[in-house]
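The values are calculated or read from the model by the stated rules, or taken from the named source; none is laboratory data. Note that the coordinates shown come from a computational prediction; the quantities given were computed from them, not determined experimentally. All Cβ positions, even for glycine, are placed from backbone atoms using ideal geometry, and neighbour counts span all protein chains on display. Ligands, DNA and RNA are stripped out before the accessible areas are found, and what is left, the full protein with its side chains, is counted by its heavy atoms. Shrake-Rupley method; radii C 1.70, N 1.55, O 1.52, S 1.80 Å.
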Protein chains: 4
Amino acid sequence: MNSFGNKFRVTVFGESHGERIGVVLDGVPAGLALAADDFAADLDRRRSGARGTTSRHESDAPHIVAGLYNGHTTGAPLAIEFDNGDTRSADYASLADHPRPSHADFVAAHKFHGFNDPRGGGHFSGRLTLTLVAAGVVAKKMLAGITDPSAPPSFPRTDEGVRAEPSSLELCRATRKKSEEQRGNPLYKTPGPSGIEITSRIVSIGGSSDSAQFQGIIEAAMSAGDSVGGVIECTATGVPIGLGEPFFDSVESLASHLLFSIPAVKGVEFGNGFAAAALRGSQNNDPILAPDGRTATNNAGGIVGGITNGNPIVMRVAIKPTPSISQTQNTLNLLTGEIEPLEIKGRHDACIALRAPVVVEAALAIALAQLI
Amino acid sequence: MNSFGNKFRVTVFGESHGERIGVVLDGVPAGLALAADDFAADLDRRRSGARGTTSRHESDAPHIVAGLYNGHTTGAPLAIEFDNGDTRSADYASLADHPRPSHADFVAAHKFHGFNDPRGGGHFSGRLTLTLVAAGVVAKKMLAGITDPSAPPSFPRTDEGVRAEPSSLELCRATRKKSEEQRGNPLYKTPGPSGIEITSRIVSIGGSSDSAQFQGIIEAAMSAGDSVGGVIECTATGVPIGLGEPFFDSVESLASHLLFSIPAVKGVEFGNGFAAAALRGSQNNDPILAPDGRTATNNAGGIVGGITNGNPIVMRVAIKPTPSISQTQNTLNLLTGEIEPLEIKGRHDACIALRAPVVVEAALAIALAQLI
Amino acid sequence: MNSFGNKFRVTVFGESHGERIGVVLDGVPAGLALAADDFAADLDRRRSGARGTTSRHESDAPHIVAGLYNGHTTGAPLAIEFDNGDTRSADYASLADHPRPSHADFVAAHKFHGFNDPRGGGHFSGRLTLTLVAAGVVAKKMLAGITDPSAPPSFPRTDEGVRAEPSSLELCRATRKKSEEQRGNPLYKTPGPSGIEITSRIVSIGGSSDSAQFQGIIEAAMSAGDSVGGVIECTATGVPIGLGEPFFDSVESLASHLLFSIPAVKGVEFGNGFAAAALRGSQNNDPILAPDGRTATNNAGGIVGGITNGNPIVMRVAIKPTPSISQTQNTLNLLTGEIEPLEIKGRHDACIALRAPVVVEAALAIALAQLI
Amino acid sequence: MNSFGNKFRVTVFGESHGERIGVVLDGVPAGLALAADDFAADLDRRRSGARGTTSRHESDAPHIVAGLYNGHTTGAPLAIEFDNGDTRSADYASLADHPRPSHADFVAAHKFHGFNDPRGGGHFSGRLTLTLVAAGVVAKKMLAGITDPSAPPSFPRTDEGVRAEPSSLELCRATRKKSEEQRGNPLYKTPGPSGIEITSRIVSIGGSSDSAQFQGIIEAAMSAGDSVGGVIECTATGVPIGLGEPFFDSVESLASHLLFSIPAVKGVEFGNGFAAAALRGSQNNDPILAPDGRTATNNAGGIVGGITNGNPIVMRVAIKPTPSISQTQNTLNLLTGEIEPLEIKGRHDACIALRAPVVVEAALAIALAQLI
C-alpha cells in the first residue's frame, strides 16, 4: 500500500491538488541533526524550471511537523509536509471523465469506482515524488553518518586510556547537558556504516547518450507538442559488504520495489543488466582481488547473491516519455463510452527524466536505509 | 513501530506539545461518506471536562488533509490531523531531567539517549490517543456499512428482474454522474459485514463496581492529591462468524496488541477472562444452539480458537490510576544521579478511565477492520 | 496469519493428525550453537504424562531440517519439524459434523466452508504449541547470549592492549579455522543483551492459589469427567532498559499478541494488572531509586510506556479449563442443523494449565527476541 | 527476509545440500483441489536434462506435508517439501574458503561470519527456486479459478429463479456431504478473477534473438568451458482491471521484488521498458479504445500507474550467464588472503536461462496472487 519498509518505514499521503502532501518516516534514529534547510539541495534538483519541465511553481518548503526537537530527531516518527499552492484544478475539469492515455486516470476511476480525486492525477501524481525526495534526504543522512569533528563526544576513558562505550544513561546525560549549553551540535556519531554516498546522472535522452544533444532533443519534442524519455544511472559508493537479505529482501529487490513505485519508471537493471544476458560467464564474472572484496571489474553492479560486495552499487532506470502531450489524442469518454478527441491543457514536463535523478537516488537511499 | 495493520493500516505521529499530531489511514475503501462532523461524538467522549479529567482544553477539531474528495473517501490514504493549541510547556521544564514515576520519561530518555521530546510526555503522551479515536471513527464506519435507503443504487436489472452486480465501470459512471447532480449521497453500500456496533462502559472505579459511587471515589482521590484506576468493558454486536486468522492473528491477538498500545492499559481479558481460570469446563463451555452459531452462554466472549463465533465480542480492560499525582514523590535526577523530591504541576486526569471507553472501542474497531 | 514478527519471524504449519508439524525461524543470528538436545528440557515440560494431562504420547523429537551446519546456525532460516506419531483419528470421526462446544470446530468449518481438517482440531490443535516451544528455545538462546569461557575469541589486540573489534572477514576466517580443528565450540558471543532469563510458575488452579491443593482439585475434576483452568505467572529477569517500540510495538502489545495465539488463553495482565485498576496512583506508582532504573516497587511489571525499565518483567496469563470433557454435552449437527448429545472420546488434558507454563515462556521469549 | 507477501505469504527454507528444502504458503483459500501431480508440469520445465543444463538429477517430488485434506486445501498453511537427494558435497570441499567469482560465496561468508553453509551455495543455491516454482503452481491455480463444469454447486434458488449466494454454513454442509460421496471434486469456484494465464518464452540467448541459433550458441560456450546468458519474456493474459496498489505496491514493484530474488536476474522491464526511454510520448502512449480498457497498442505492458489496465502484462527479465564455468579463474583464499587459481568442479548449467522461464512465471504468479 502506501507504506514501505519494516525498519525504516516510509508512509506517504496526499494528492496533487489537495491541501497538502506529506510523508511519515518511522525508524529514524534519535539524535540526527536535521533542519528544513537540509532538504533544499535535493528539493531544488527535483523542482521544475529548466526548459522541458513544467511551469507549475511550488515553493516546496518542507514543514517538519513531528519528530524533531531542538534541531535533532527524537526517535519518534518524523512527519514532513508540503503545502500545495499553485494548483489550477480548472485545467483538469474535463479530464475527470476523459482519462488521459497512459496515465493512471482510467485505472484509478475503475479501481475506486469513480471516487478517486481526478484533479492533476490525484494521489497518482508525480507531485508525490516530493515526499520520496524528502524521505531520501533523511535516508542519505542515516547512510552518511554524522561527522562533526568540532564536537567530539567526550565520555570517560578507562584506565587503559581507551574510550569506553558510554552507557545509555551517560549518553542521555551528555545530551541533556549539551542541549542546554550549545544546542545544535550533534552529540554522537550516528551508528551505522559511514560514508555511503549516492549520486546519479542522465545517461541518455530520447535514445541518445550524447549529453550535448539532450537539450536539442527535448526542444524538438516540445516544438512538436510531444515529450521524450530518458535513462538515469545511479551509483552508491562507500557501501559496506553484507547489506541485503536472502531470499526476498535482496538489495535489488528492495531498490526495484521502490523504483517501480516512481511514476514513469518502466525498467530497472543492475551492473551490466540486460547487456549481461548477451555475455559469456568468463566476460561477466568479477574476479575478487582482495580481502576487502574489491573486484577487477564491477559487472555485478556491487551486488552478488542479492547482497552488497563492497564495490559501488550501479543501476540504471528507464523513464518513459511524459504521457501528457499537447498533441490531440483520442480517448474514451467514461460517461458515454464514446471515443473522443482529447486536448490536455495543464502544465507538464516534456521530459520527466530531467527531474528524476534525485528521485531515483532517494529510492536507493530508502532501500539501503532498510538494511543498516 | 508506529504503524499497525496490513489491510487497514494506522500510522500515527506527533507529540503532546508539538505543532500537530496526526494519523494516516491506509486501506480505507473508496466511497465512504465522511465529514469532519462525523468525528464529533467520539472526540467529545474522549475530551476532558468532567470532574476528574484534565483542565487542558483542546478544540480537537479534526482536519482531513488527504484522501477525501467531494465528501467521500477516495481509496488513497486518509490523513487526519489535529493542531496542538493549549500547551503549557513551561510546566514541564523541570521534568526533562526528573522522570515522573511510572511515566515513560525515564525509559524514553534512555532509549533515545536524551533526544526525546520531554514536553508533556512527547510522543508517549495520552494525547496521541486522539489519533486512535479518529481512526476508530473511520473503522466503525467501515464495520457498520453505509445505509442510506433514500439513495439506492439504480443499476440495470437483468431480464429475470433481479439486479445484476454492476461492473466496475458502471459504478464509476454512476458515481461521476451522481457527484455532479447530488453530491454527498453515498452511491453504494460499502462491502463488508453490515451492522457491527461497538459500545463500552465503565464497570469499576477504584475497585468498586457500584456506579453510584464512582464520582465520590474520584473526588476523594482528587482531594488527596491522588488518582484512581478503573475497568472498561467493551462489547461488539452484529459480528459475523469467521473473523480472525489462525495462528497469530486471532481477534484476541489483534485487539490486545492495540489495547496494550494505549497508555495506562495493564490488563486485557475476553469473555470470562481470568474468572475462567477458576471454573470447570462444564461451567465455562458454551453449548451451540443453532446453525447461526448462537450459544446458550457467552463465556468465550464471542471468540473461539481466536475466531468470532457470531456471538457478541465482550472484553474488559484494566486502566491503571493516572501516574501524575499532585502529591510530592521522590525521583531520580538524571543529570546528578541523586534522588530528589518531585512536584508534578501540569494538568492531569485524576481518573483516565473516564476518558478511556471511546479509546478502547477504537482499538477494537481498528482490530476488526483488519479482518473484514 | 501464521507468521509473527519482522526481525525474528516465526512461521508455523501443520495439523494435529497430519504427517508433521513445523516451524520456520527467520532472523536467527549466524553462529548460535544449537543441537536437538537443546530442546529436550523445554519439550519435556510441555509433554504430557502427569496426572491431568493427556495420555497421547509423542516422542516430540525435534528434527532440524534447515539452517544448521556444523552445529551452528547459519543465518539462513532455521526449520524445525516434528513427526506426528500417536494419532487416533478414528476417535474424531464423528466430530467432523458435531463441533465440540468451546472448541474451534464450528468456526473453522464455517470459515473454511467445511474444507478444514477436523481431525484432532487440525491446525487449531494445542499440538501446534509444540512449535512455539521450539521457537521459544531458540529465542531464549538469543536472549541469553552464548557464554563459553573455555573458548574465548582470540583476535589481535591493538597497541594499547585492548581488544579491537574483529572485522567481519577476521571473524569469518577464525570460524573457518576453528571449524576444522574443534567443531562445536561457539566462536563468539552472540550480540545482544546477555542474561535475560525467563521462568514461570502456576499461581492458581481452579481458583485456588494454594499449590498443595492443585493435585486434588485436578483429580476431583477428572473424577467428575470435567476439567479445570489455572493462572500462569511468567517472569523475565536481566532485561535491559529500552526494549519495546512506541506506539504499537510495546512489549505488552507484542507479548499479548503472541499469548492470545495460544489456545485456551483468555486473559493477560502485566505487573499489578487488573488489581491496579482498584488502586490509587500513590499506591501503584514505582519510585525510581537509581540510575540503573531500579524501582522501589515493581507494580508496572517492568514495563512503562510500553518499554522495559530494567526491572523484571512480570505477567500473568489466564488459561481456561480444557473444553474437551468426558461429560455428555449437547451440540449442533452441522449436516442436519439438529441439536444432539455429544460424547467426546479422544485423549485430553483435564488441566491444560499444567503444560502451559513453558508455552507462555516461549511467547514472551519470542516477543523479546523481536526487540533486541 | 525469507518471506514475501501479506495476503499470500511465501516462506522458503533449506540449503542445496541439506536434508530438504521447503516452502510454506499462507493465505491459500480453502477448497482448492490440489495433488502432488499438479506440480509435475512446471517442475519438469525447471528440471535439468537438456544440453546446457546441469547433470545433477533430482527427483524433485513435491511432498505436501500440511494444509491439505481429502485432496483440497484447508485454509491452513500449505507446506511443500523436497528432499535433497543427489548431492556431491565433496565437489565443494575446497570452495568453502575459495569463493567462486560472481557467486554469493564471498558475501555469505562475510555476512554470516563464516557460519554459512557453503556446500553448493547453501541457502543461496539456485536449487531454492524449486520452492518458488511450487509456490507458483499454487498461485497459478488461485489466479485461474477452479472450473469443473461436471460438478456445479447446487444451492437452493430463490423464487425469482436466480441462484442465491449460499451461506457459509450451507457451503460447509455441502462440502461435508460431498466429501463423503464423491471426494476429489471441487465444490465451488474459487473466488477471484478467473482466467489469468501466465506463459513465457526465451527471447534471446547470448545476444541472439534467433531461436534457431540458441542451441549452437550454448554448445559453443560449453565447448569453451564457458556459459551464456539470456532474456525471458513473460506474459499474463485475462488480467482484470485494477490489480495493484498505489503507492508502493504497484504490480511492477511486487513483480520486480520477486524477480530480483531469483539468482542471476540482473534486469527487469515492463512493456517497452528501456526502449520506451528512446521514444516520444506520442509513440509510447496507448490510446484507450473501449470501456473494457482495451488499448490500440500495449506499450505499457498492461500496467499504468502501477495498476493493471486490462491488457496483457508483458515483462522481460535479463538472466546473467552462469557464474560457474569450467575455465580456471583466480579468486581469493579467505584463510590466507592470497589470490589463487580456482577450478570449479561440481555440475552446473551452461545456460540457466533455459530453466528460468517457469521460475519467472512463478514470480509473476506470486505477485498477482497478492493482489486478488
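If you go through segment A:98-141 and keep only what is more than 22 Å from D:ILE303 (Cβ to Cβ), open to solvent by less than 20 Å² (accessible area, probe 1.4 Å) and away from chain D (no Cβ under 12 Å), you end up with A:LEU130, A:VAL133, A:ALA134, A:GLY136, A:VAL137, A:VAL138, A:ALA139. Taken over segment C:22-41, the criterion of being outside any loop (DSSP other than H, G, I, E, B), open to solvent by less than 40 Å² (accessible area, probe 1.4 Å) and touching a helix residue (DSSP H, G or I) at 6+ places or on another chain (Cβ under 9 Å) is satisfied by C:GLY22, C:VAL23, C:LEU25, C:ALA33, C:PHE39. For segment D:249-266, a residue qualifies if it is touching a Gly at 6+ places or on another chain (Cβ under 8 Å) and free of Cβ contacts under 8 Å to residues at least 24 places away in the same chain, and exactly one does: D:PHE260. Applying a threshold of 6 Å to beta carbon distances and a minimum spacing of six or more residues, or different chains, the list of pairs starting in segment B:223-248 at a residue that is over 27 Å from B:PRO263 (Cα atoms) and ending at one that is buried (at least 20 other Cβ atoms within 10 Å of the Cβ) and basic (Lys, Arg) reads B:GLY242/C:LYS111. Summed over segment A:1-19, residues that are more than 7 Å from chain B (Cβ to nearest Cβ) and over 15 Å from the mean Cα position of the chain (by Cα) total 4. For segment D:277-292, filtering for residues that are part of a loop (DSSP other than H, G, I, E, B) and more than 24 Å from D:LYS266 (Cβ to Cβ) leaves 7. Tell me whether segment B:293-301 contains one or more residues that are in contact with a helix residue (DSSP H, G or I) (Cβ under 7 Å, 6 or more places away or on another chain), in a strand (DSSP E or B) and facing chain C (nearest Cβ under 7 Å). No, every residue in segment B:293-301 fails to be in contact with a helix residue (DSSP H, G or I) (Cβ under 7 Å, 6 or more places away or on another chain), in a strand (DSSP E or B) and facing chain C (nearest Cβ under 7 Å). D:ARG45 fulfils the conditions (1) surrounded by fewer than 17 Cβ atoms within 10 Å (Cβ to Cβ); (2) at the interface with chain C (Cβ under 9 Å from one of its Cβ atoms); (3) within 17 Å of the chain's Cα centre (by Cα) except for a single criterion, (2). Of the residues making up segment B:299-320, just one is charged (D, E, K, R) and within 21 Å of C:GLY229 (Cα to Cα), namely B:ARG316. Per this entry, A:GLY306 is not counted among residues that are open to solvent by less than 20 Å² (accessible area, probe 1.4 Å), free of Cβ contacts under 8 Å to residues at least 40 places away in the same chain and more than 14 Å from the chain's Cα centre (by Cα).
Quick check on my filter: what residues within segment A:318-342 are farther than 19 Å from A:ALA104 by Cβ and at pLDDT 90 or above?
Taking segment A:318-342 first, the residues farther than 19 Å from A:ALA104 by Cβ are A:326-328, A:336-341.
Residues satisfying the conditions are A:SER326, A:GLN327, A:THR328, A:GLU338, A:ILE339, A:GLU340, A:PRO341.
Residues in segment C:73-82: is at least one at pLDDT 90 or above, closer than 24 Å to D:VAL24 by Cα and assigned to a helix (DSSP H, G or I)? No, that holds for no residue.
Reported count of residues in segment D:317-333, each being more than 8 Å from chain A (Cβ to nearest Cβ) and touching a residue at least 40 places away in the same chain (Cβ under 8 Å), is 3. Yes or no: B:LEU279 facing chain C (nearest Cβ under 7 Å), among the aliphatic types (A, V, I, L, M) and open to solvent by 10 Å² or more (accessible area, probe 1.4 Å)? Here the answer is yes, as B:LEU279 does meet what is asked. Here segment A:215-264 is the region considered, the condition is being touching a Cys at 6+ places or on another chain (Cβ under 9 Å) and within 7 Å of chain D (Cβ to nearest Cβ), and the residue that is nearest to A:THR199 (Cα to Cα) is A:GLY230. Read through the list (1) of a type in the set (Gly, Ala, Ser); (2) open to solvent by less than 20 Å² (accessible area, probe 1.4 Å); (3) within 18 Å of C:LEU143 (Cβ to Cβ), then give the number of the only condition that C:GLY14 fails. Result: C:GLY14 passes all but (3).
Looking at segment A:214-257 only, could you name the residues that are surrounded by fewer than 24 Cβ atoms within 10 Å (Cβ to Cβ), part of a helix (DSSP H, G or I) and polar (S, T, N, Q)? A:GLN215, A:SER223 - these are the residues of segment A:214-257 that are surrounded by fewer than 24 Cβ atoms within 10 Å (Cβ to Cβ), part of a helix (DSSP H, G or I) and polar (S, T, N, Q). Here D:PHE274, D:PHE260 are screened, and the one residue that is within 30 Å of D:ALA220 (Cβ to Cβ) and open to solvent by less than 10 Å² (accessible area, probe 1.4 Å) is D:PHE260. Scanning segment B:343-372 for residues that are touching an Asp or Glu at 6+ places or on another chain (Cβ under 9 Å), modelled with pLDDT under 90 and open to solvent by 30 Å² or more (accessible area, probe 1.4 Å) yields a total of 2.
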